[in-house]
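*Asks:* This is the structure, below, for whatever I ask next.
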Protein chains: 2
Amino acid sequence: MTAATGSSRELAHPAREEIRLEGVLHALSDPMRMRVVRELAAAEGELACSRIELPVTKSTSTHHYRVLRESGVIRQCYRGTAKLNGLRRDDLAALFPGLLDSVLGAAAGQDERLGA
Amino acid sequence: MTAATGSSRELAHPAREEIRLEGVLHALSDPMRMRVVRELAAAEGELACSRIELPVTKSTSTHHYRVLRESGVIRQCYRGTAKLNGLRRDDLAALFPGLLDSVLGAAAGQDERLGA
């Protein structure tokens, strides 16, 4: 972890070469975390946590974002008191070509089948 | 679970429409289970558990196969005292097009990068 500098505290992220497939799949295997990933994919940019509604407690939500960050699926940074989240699309595409898109497509297809 | 009939006992499997993406991703997020899936994919057919070497205890191995079966990733059946395992490729391809292949490709690519 990097020390706080001014208003921007830095959060720990794996470098691209530290990202592991099993960690990414685990991160994506939870419905709440998948919801975050799908919202970020749809937004095509960064979103504050407060912009993504999850029907869980604040501490559970924080846990889910941390799993996503520590597995290398998202990048988080502070802007003042808000945490901004963005998908690490480039890193994931370089490491696991096609994986993220096939997972996003599978999630959309399942929603459609289940009428969600 | 179906009752035993003669020498072929049947194991419980989800029907295709009961298979869920989150369960499949969870099943694939473990290195031992991924190893089983990759060996079955390479074999292009059924393999007995004894044909797939996992560096874990028998009970842990049984657990991993059960997770794979109950999530809908593999089909297991008894032949005498042997359990035969096969990937549910058709079901997975119908539900989640491209997903299994992108995961298998990602696993192979990671092995190559890590020199595994």
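The values are calculated or read from the model by the stated rules, or taken from the named source; none is laboratory data. Bear in mind the structure is a predicted one, so any value in this text is a computation, not a measurement. Note: ideal-geometry Cβ built from the backbone for every residue, glycine included; neighbour counts use all protein chains shown. For the accessible areas, the whole protein counts, side chains as well, though only heavy atoms, and no ligand, DNA or RNA atoms are used. Shrake-Rupley method; radii C 1.70, N 1.55, O 1.52, S 1.80 Å.
*Asks:* Between a residue in the stretch A:101-113 that is closer than 20 Å to A:Arg88 by Cβ and more than 7 Å from every other protein chain (Cβ to nearest Cβ) and any residue that is assigned to a helix (DSSP H, G or I) and open to solvent by 50 Å² or more (accessible area, probe 1.4 Å), which pairs come within a Cβ distance under 7 Å, given they are 6 or more apart or on different chains?
*Replies:* A:Leu104/A:Arg38
*Asks:* Just name the residue that is modelled with the highest pLDDT out of those in the stretch A:70-80 that are farther than 16 Å from A:Leu21 by Cβ, open to solvent by 20 Å² or more (accessible area, probe 1.4 Å) and within 16 Å of the chain's Cα centre (by Cα).
*Replies:* The residue in question is A:Arg75.
*Asks:* Follow-up. When the residues of the stretch A:21-50 are narrowed to those that are without any contact (Cβ under 8 Å) to a residue 12 or more places away in the chain and of a type outside the set (Gly, Ala, Ser), which ends up farthest from B:Arg20 (Cα to Cα)?
*Replies:* A:Glu44
*Asks:* Among the residues of the stretch B:81-91, is there at least one that is over 23 Å from A:Arg33 (Cα atoms), part of a helix (DSSP H, G or I) and open to solvent by less than 40 Å² (accessible area, probe 1.4 Å)?
*Replies:* Looking for residues that are over 23 Å from A:Arg33 (Cα atoms), part of a helix (DSSP H, G or I) and open to solvent by less than 40 Å² (accessible area, probe 1.4 Å), one finds at least one in the stretch B:81-91, hence yes.
*Asks:* Tell me, please, whether a residue that is within 14 Å of chain B (Cβ to nearest Cβ) and out of contact with any helix residue (DSSP H, G or I) (no Cβ under 7 Å at 6 or more places or on another chain) can be found in the stretch A:32-47.
*Replies:* Yes, there is a match, as at least one residue in the stretch A:32-47 is within 14 Å of chain B (Cβ to nearest Cβ) and out of contact with any helix residue (DSSP H, G or I) (no Cβ under 7 Å at 6 or more places or on another chain).
*Asks:* To continue, here is another question. Scan the stretch A:102-114 and tell me whether some residue there is within 18 Å of B:Ala107 (Cα to Cα), modelled with pLDDT of 95 or more and not charged (D, E, K, R).
*Replies:* Yes; the residues of the stretch A:102-114 include at least one that is within 18 Å of B:Ala107 (Cα to Cα), modelled with pLDDT of 95 or more and not charged (D, E, K, R).
*Asks:* List the number of the failed condition for A:Glu22; all other conditions in (1) within 14 Å of chain B (Cβ to nearest Cβ); (2) out of contact with any Pro (no Cβ under 9 Å at 6 or more places or on another chain); (3) acidic (Asp, Glu) hold.
*Replies:* For A:Glu22, the failing item is (2).
*Asks:* When you look at B:Glu22, is it open to solvent by 60 Å² or more (accessible area, probe 1.4 Å) and either of a type in the set (A, V, I, L, M) or in contact with a Lys or Arg (Cβ under 9 Å, 6 or more places away or on another chain) (or both), yes or no?
*Replies:* Spelling it out, it is not the case that B:Glu22 is open to solvent by 60 Å² or more (accessible area, probe 1.4 Å) and either of a type in the set (A, V, I, L, M) or in contact with a Lys or Arg (Cβ under 9 Å, 6 or more places away or on another chain) (or both).
*Asks:* If you don't mind, there's one more thing I want to ask. Could you tell me how many of the residues in the stretch B:101-116 are open to solvent by less than 20 Å² (accessible area, probe 1.4 Å) and within 17 Å of B:Ala27 (Cα to Cα)?
*Replies:* 4
*Asks:* Any residue at all in the stretch B:28-51 that's within 22 Å of A:Leu114 (Cα to Cα) and surrounded by fewer than 21 Cβ atoms within 10 Å (Cβ to Cβ)?
*Replies:* There is no residue in the stretch B:28-51 that is within 22 Å of A:Leu114 (Cα to Cα) and surrounded by fewer than 21 Cβ atoms within 10 Å (Cβ to Cβ).
*Asks:* Checking the condition closer than 28 Å to A:Val37 by Cα and either open to solvent by 20 Å² or more (accessible area, probe 1.4 Å) or in a helix (DSSP H, G or I) (or both), which residue from B:Val67, B:Val56 passes?
*Replies:* Matching residue, one of B:Val67, B:Val56: B:Val67.
*Asks:* Which residues, taken from the stretch B:22-53, are of a type in the set (Asp, Glu), assigned to a helix (DSSP H, G or I) and under 18 Å from A:Asp30 (Cα atoms)?
*Replies:* B:Glu22
*Asks:* Oh, and also: Could you grab me the full set of residues in the stretch A:89-99 that are under 28 Å from B:Ile19 (Cβ atoms) and touching a residue at least 60 places away in the same chain (Cβ under 8 Å)?
*Replies:* A:Leu92, A:Leu95, A:Phe96, A:Leu99
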